[in-house]
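Inspection log for the structure reproduced underneath, given as structure tokens.
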Amino acid sequence: MTKLEKIKLKNFKSFRNVSIPLAMGHTTIVGPNGSGKSNILDAICFVLGTTSMKALRATRLTDLVNHNSKDGTAEVTISIRDDGGERFDITRIIDKGGSSIFKVNGKRTTMKDVEELLSRMGIHPDGHNIIMQGDVTRFIKMTPLQRRQIIDEISGIAEYEEKKQEAMKELEKVQTKIKEAEIVLSERKSYLRILESERREAKRYQDLQEKRKVYKASILRIEVEKAEKRFKRIIEKISKLEGEISAIDEKKKALTEKLKQLEEEYNKITDQIFKEGDKRQADVSAEIEQIKGSIAMLDGRIRAIRESLENEQARKEKLLSEYSSLGNQLAAKEKEIEKIILEIDEVTRDLNECKKELEELGEAEDLSKLIDNVYSEIDKLNAEIEKKKEALYKTEIAVKTITERIKLKKAILEDYNAKDSRKKLAEIEDRIRKYSKTKEECKKDILSFENKLKELYSEEKELDKELKQKESKLSELIQKKAALESKISVLKNISGLSQTAEEIKKAGLKGILGTIAELCNYGTKYSKAIETAAGPRMFYIVTQSTEDAINAVKYLKSKKLGRATFIPLDKIKARDMHSSVKSLLKHPKALDLAVKLITYDKKYENAMKYVFGDTLVVKDIEAVKEIGLGKIRMVTLDGDLASEQGVISGGFSKGLGISDVKQLDDLKALIKDYENAKKLLMRRLEELREKQSELRSKKSSSELKMKEADVMLKEWQRRFSEQSKVLKSGERQSMSILKELKGMEEALIEKERQKGEIEKELDELIEKRNAMKQELSSYEKSEEAERVKQLKQRYEELKNKKTELELQKKSIETEAERVLLKSREEVKLQISEIDERIKKMTEELERNSKERNDLIRVQKEKEIIARKLASSMTELYEARSKIETERSKLNEEMIRLESKRESLSEKLSEAKVNKANIETEYFNLKNQLSSYKDVEFITDKKEEQLQRQLIVIEREMSEMGYVNMKAIEKYEEYAREVKEIEEKAKKLREEKDSILKLMNEIEKRKIDAFMKAFEALNKNFNRYFKEFYPEKGSYASIELDNKEKPLESGLLLSASPAGKKMKHIEAMSGGEKTVTALAFLFAIQAYNPSPFYVLDEADAALDPANSQRVARMIKKFSRETQIITITHNRYIIEEADQIIGVHMSKDGSSLIELDMKAYVGDAKEKSTEAT
């Protein structure tokens, strides 16, 4: 059981230095008026932490210090032993500055810690266990409502009331949020309906786009099939022509053999004639033979010229084919340009029509302007609404601030009248420290966030700069790539670059390693030299083995894909190195062997040496002359070639384009690297911006927190200032505070009025805005406005389309001029040079043919003479003549075959040109079709049907005008938002219901707690009243004057002492009132028991009979708890276990202690001895 053991006073009020032991049971303090006995009670209240100056009967804490104190301090220590037997010495000191210092067992602590320690022991400094002078009288004079509030206090319903108030505040916030959510929801749903319509239109447009894609792909598939059939037919035609030419060549070969035999027979007969004839005949024969020799020489020369002519013609045909191909490509480009020009003209017409229609729709344009004006007005209203909301928010803050200040002023006034201002100041200081700390922490956080943001901004700037550089470089590389691709495409069409090798690679045959061009690398500087040195060998295909090469040849034959040369690594041998290479390499213009200027895998070494041999790379054509033509095979950096046999070939050449292909591959790799780098930069920028957003959010949160802390800090500093003033100025300030309160209340009324006006204006503005929105909706739904809107959208689309077409036209023109036209001019120049050479050769052929014919004529004349001279040789001459006739027929047949072959060759050249065009068209169509990989083709309709349906689809798409494709995504986004808001509103409504339910539950618990305390008090009151009046018929009760609403009711005390008539406390005599009041106070103590009770002259109004009743009751109570009384009543003094007397001297109050138990014991012993 907790008990007070001792109280020590030092310089406290009238006591200099005393120690008062407090016994268990009943201790009474007696002494004359003014002796200072009530100061002991003040000391107990003081040390336990009472904050009310009124309860301590002082104006300020320094009033409690003894006037004789040398150091101006006072000190009270109370010793308490708890239920576990542990002792606590609690000390409270008043220092010179008038502040309190608390200690527990000699160690300094806070008032809060002391309160917690006492609470654990069931001691409350301001509890009902301490009855001060006048408390009984005050209780008797209380109104019923004030008495009921005592039950409120002891039942703990104040805690429920706080919870209810918090719930009401929360309810108000939730209702505001629900209202805001409903407003936002209404606006979002309205916009969602508009988006839903646009979404349907966008989805229809999407469907049409998909259909258009399917129809285009299906048409393209048919065109690809047609092109494929044409391609196969032209290949079959070429194959047939080549077969016919081959057959003619075989016949020519047979005729040549026959002519050779006839020539031998002719010579044999001629020799016989020569031997058998006379000298004259011999001379004629010699002349004939001489003529024949000249004819033979001329025949050889003619054949050589014809071969050269054939070569030049073949080359010319090839160039003509190339020229035609380039012409076709140029024509295709021109057609493409013409088509684009037609499209531009059509778009321009549509633009003009659109503009004209817009001008004609003048009124609708006015309506459109009106709609724009309405939108502008709505924007202005929105801005004004936001201003009003801001003003409303500020006014609400002002109302809240003034309300808080009024509460504060009232609290200060109340504190001045009822509480310890210093305790309040300490609490305020704690708050100030707390908010100062929060503010400083927020400042540091904000500074940290700002520094981090600066770093991130700097990094973002650098990344942006780097990204722009990458994009610029990427754009440049893409342009280069496009130019190279175009150039390579043209070169491929001209020269058929490695088509057979491409087909072999596509087949995926085993052991195919690649072409020489693919397996080696070299610098741009040496590209012409390397490609010229290798020539066609660049496209020789390297295989793993001979068997792999044979399989590849069989594949080419079976597929009729042309011819190719293969280098099997298991059989190929490297060429022997020329003996003079080492010495020739010392020449200053000799660079190195071609094979050493390339890089390749070691396993391909023999193949590379076979292809390049000991070809020497030199600086220029002059170097060939200086080193020595014919010493070794040489190639210049410009691509001029000098053979070991002394033949030089050179001039202008486009090259094989291999270096361009390699450069294109390098460009593609570089573009990929740049694209990856760009993606990485964009990803880093995105991450950086996310960090910035997060930091800005944190910074805003910290700023808001700091602002809140700053506002609260200023408020608490102001409160501290006001509280300090109250403390210093005392009662004089109360009038000033009341005056301030009046001004604040007036200001509050004004602010409330302003708030009402703003709310009214805000409602009017919102109503006006809603009306405008309805008006806008009606305007927008009008056909004219919709048509103007569609026309404007259509106008913008057409402008953009025209710009795109013009750019496309410019791009095609640039390609045609820079690549195709330039190449065509070069081919034309070469054809002109060949024509010049053909002309010279033709003239020389005509001269030689004329000379031959003249010699043949002379020969015939001589032969006639010879026949006349040797009639005996008739048979031989006839035989020779017969041979000549047959030979002439064979020559005619040879000429016929040559003519037929020439015709077939022309057809073959033409077919090859067509093949190149058809092949280009076929592969272009195929490439276009490859972009429709995932499309399911329509196979049950003809091309004409597909074309017609495509026109219908495109017309419908065109008629739809501008379609907001973002509406699909926006609709989903807004639908999600609406759903989220609806969910939020639902949760808010649920939260509101929960709060209302909680409030009802709190109210129920409140009533339950109150009624529980009420019933217990009623029972205790009756019991203790009967203890005071044990006579039969005594009865007491408490009742509520409004049982329906107990928490708004007053409390009535009624009693019937010693069988008298039942009376309310107000109608009783003085002594009965006191006893009844004490019975009720004891009933309170029984409900909330305390370890000790203090009564200061609670018996002052009692007559002797009632004094005895109270004395007996205190005696009975003291058996269970510790009771301290201050009294003059002898009946109470007689029932005490310990009496402490107090008297006043010149040094202050002093004590006389008497142990009544010992005194009573001694008295009994003396009585026994006397007996």
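The values are calculated or read from the model by the stated rules, or taken from the named source; none is laboratory data. Everything numeric in this text was worked out from a predicted model, so none of it was measured. Cβ coordinates were reconstructed from backbone atoms using ideal geometry, including for glycine residues, and neighbour counts include every protein chain displayed.
A few comments on the model shown:
- Top-ranked residue of the stretch 941-990 - restricted to ones that are among the polar types (S, T, N, Q) and without any contact (Cβ under 8 Å) to a residue 40 or more places away in the chain, ranked as farthest from residue 219 (Cα to Cα): 958
- Residue match in the stretch 145-153 (condition: within 20 Å of residue 1015 (Cβ to Cβ), more than 60 Å from the chain's Cα centre (by Cα), surrounded by fewer than 17 Cβ atoms within 10 Å (Cβ to Cβ) and not aromatic (Phe, Trp, Tyr)): yes
- One residue stands out in the stretch 57-91 among those that are part of a helix (DSSP H, G or I) and not β-branched (Val, Ile, Thr): the one that is surrounded by the fewest Cβ atoms within 10 Å (Cβ to Cβ), namely 63.
- Residue tally, condition part of a helix (DSSP H, G or I) and either at pLDDT below 85 or of a type outside the set (Asp, Glu) (or both), over the stretch 1009-1050: 22
- Residue match in the stretch 521-529 (condition: in contact with a Gly (Cβ under 6 Å, 6 or more places away or on another chain), crowded, with 19+ Cβ neighbours inside 10 Å and closer than 24 Å to residue 614 by Cβ): yes
To keep it simple, each residue is scored yes or no on (1) surrounded by fewer than 22 Cβ atoms within 10 Å (Cβ to Cβ); (2) farther than 27 Å from residue 1 by Cβ; (3) charged (D, E, K, R).
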| position | (1), (2), (3) |
| --- | --- |
| 1062 | yes, yes, no |
| 1068 | yes, yes, no |
| 1080 | no, no, no |
| 1087 | yes, no, no |
| 1094 | no, no, no |
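- Residue in the stretch 78-90 that is at pLDDT below 85, touching a helix residue (DSSP H, G or I) at 6+ places or on another chain (Cβ under 6 Å) and over 21 Å from residue 134 (Cα atoms) present: no
- Among the criteria (1) modelled with pLDDT under 80; (2) surrounded by fewer than 18 Cβ atoms within 10 Å (Cβ to Cβ), the one residue 677 does not fulfil is (1).
- Qualifying positions in the stretch 500-535 - closer than 24 Å to residue 558 by Cβ, in a helix (DSSP H, G or I) and in contact (Cβ under 8 Å) with a residue 24 or more places away in the chain: 500, 501, 503, 504, 507
- Scanning the stretch 597-626 for residues that are touching a helix residue (DSSP H, G or I) at 6+ places or on another chain (Cβ under 8 Å), surrounded by fewer than 20 Cβ atoms within 10 Å (Cβ to Cβ) and within 17 Å of residue 640 (Cβ to Cβ) yields one hit, 597.
- Qualifying residue in the stretch 113-135 (condition: farther than 19 Å from residue 1089 by Cα and modelled with pLDDT of 80 or more): yes
- Positions within the stretch 322-356 being touching a helix residue (DSSP H, G or I) at 6+ places or on another chain (Cβ under 6 Å) and not hydrophobic (A, V, I, L, M, F, W, C), in sequence order: 322, 323, 324, 325, 328, 329, 333, 336, 343, 350
- Residue 533 fulfils the conditions (1) exposed (fewer than 14 other Cβ atoms within 10 Å of the Cβ); (2) closer than 30 Å to residue 624 by Cα except for a single criterion, (1).
- Here the stretch 680-715 is the region considered, the condition is being under 18 Å from residue 468 (Cβ atoms) and in contact with an Asp or Glu (Cβ under 9 Å, 6 or more places away or on another chain), and the residue that is modelled with the lowest pLDDT is 689.
- Screening the stretch 22-70 for residues that are at pLDDT 80 or above and hydroxyl-bearing (Ser, Thr, Tyr) and picking the one that is farthest from residue 116 (Cα to Cα) gives 35.
- Residues of the stretch 922-957 satisfying the condition of being more than 36 Å from the chain's Cα centre (by Cα), among the polar types (S, T, N, Q) and outside any loop (DSSP other than H, G, I, E, B): 924, 927, 945, 947, 949
- Residue in the stretch 998-1011 that is farther than 30 Å from residue 171 by Cα and over 60 Å from the mean Cα position of the chain (by Cα) present: no
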